[in-house]
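The structure under discussion appears below in the form of structure tokens.
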Amino acid sequence: MKNRTVYITAIGTGAIVLTAAVCVVGGFLGGAVDATEMPARPSSFALPTGPALLTASAGPIDVELTVDGPRVLTQVHDDGELQTVGGDRRHAGLRADRVLTSGGVSGGEAEDTHHAYGVLVGQAGTDVTAVSVVADGHRTAAVLRDGQWAAVWTVRRVDELPTEATIRYATRDGAEHRVSTAAVDDVRPSAG
């Protein structure tokens, strides 16, 4: 059995940033790790047991959004193995014809498989019918459901991932909209 390192990072505000190393067989730095010595995970970070609100996929990478009270939890899996977890509050009062992001473009690389990916999640008003993300010249259709959306795409190298992207979205009136993530980022102040 090999040692396994699991990285859990947060996406969005109100999230807990946690990095944990779990060592199996042989211990860590010459000392054994006893699970009873590990601190308990905060209850506010408990993963929901209910069904996902939506799942977006790109190759072996799945992004799953689950509503947990006033928050939306984001989980990223690579070939079914949990890679990251984050959470963000749901924004009240979003105009029907607008979108928001829960931070900028983020991404990662799975330690075991080295699959690299980009991800962007957000919220959409009731009149929004479709969302896509244009990053680094590639357009990715987002999965949109019940006012939340998620887009995930594979990249060659995670260090080449842009921090900003363009969001293209359609509304019920047939209009097409284009906006920068910087302008609709719910985490940092709007640029315009």
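The values are calculated or read from the model by the stated rules, or taken from the named source; none is laboratory data. Everything numeric in this text was worked out from a predicted model, so none of it was measured. Positions of Cβ are generated from backbone atoms using ideal geometry, with glycine treated the same way; all protein chains shown enter the neighbour counts. When the accessible area is computed, the model is the full protein with side chains, heavy atoms only, and any ligands, DNA or RNA have been set aside. Shrake-Rupley method; radii C 1.70, N 1.55, O 1.52, S 1.80 Å.
When a 1.4 Å probe is rolled over the protein heavy atoms, the share of accessible surface on the range 48-192 that falls to carbon and sulfur comes to 47 percent. The residues of the range 77-116 expose on average 47 square angstrom of accessible surface per residue, using a 1.4 Å probe on protein heavy atoms.
Taking a sphere under 11 Å around the Cβ of ASP68 and counting the other residues whose Cβ falls inside, with K and R at +1 and D and E at -1, yields a net charge of +2.
In a DSSP loop and with at most 12 other Cβ atoms within 10 Å, the trypsin sites (Lys or Arg not before Pro) in the range 85-153 are ARG95. A full extension of the chain between ARG139 and ASP127 corresponds to an added length of 2.2 nm, given 0.36 nm per residue minus the alpha carbon distance.
Against the empirical 2.2 N^0.38 Å (N residues), the range 58-170 has a Cα radius of gyration ratio of 1.03. Shape analysis of the range 50-89 based on the Cα gyration tensor places the equivalent ellipsoid semi-axes at 19, 10, 8 Å, largest first.
For the pair HIS91 and GLU111, label points projected 7 Å from Cα toward Cβ lie 3.4 nm apart.
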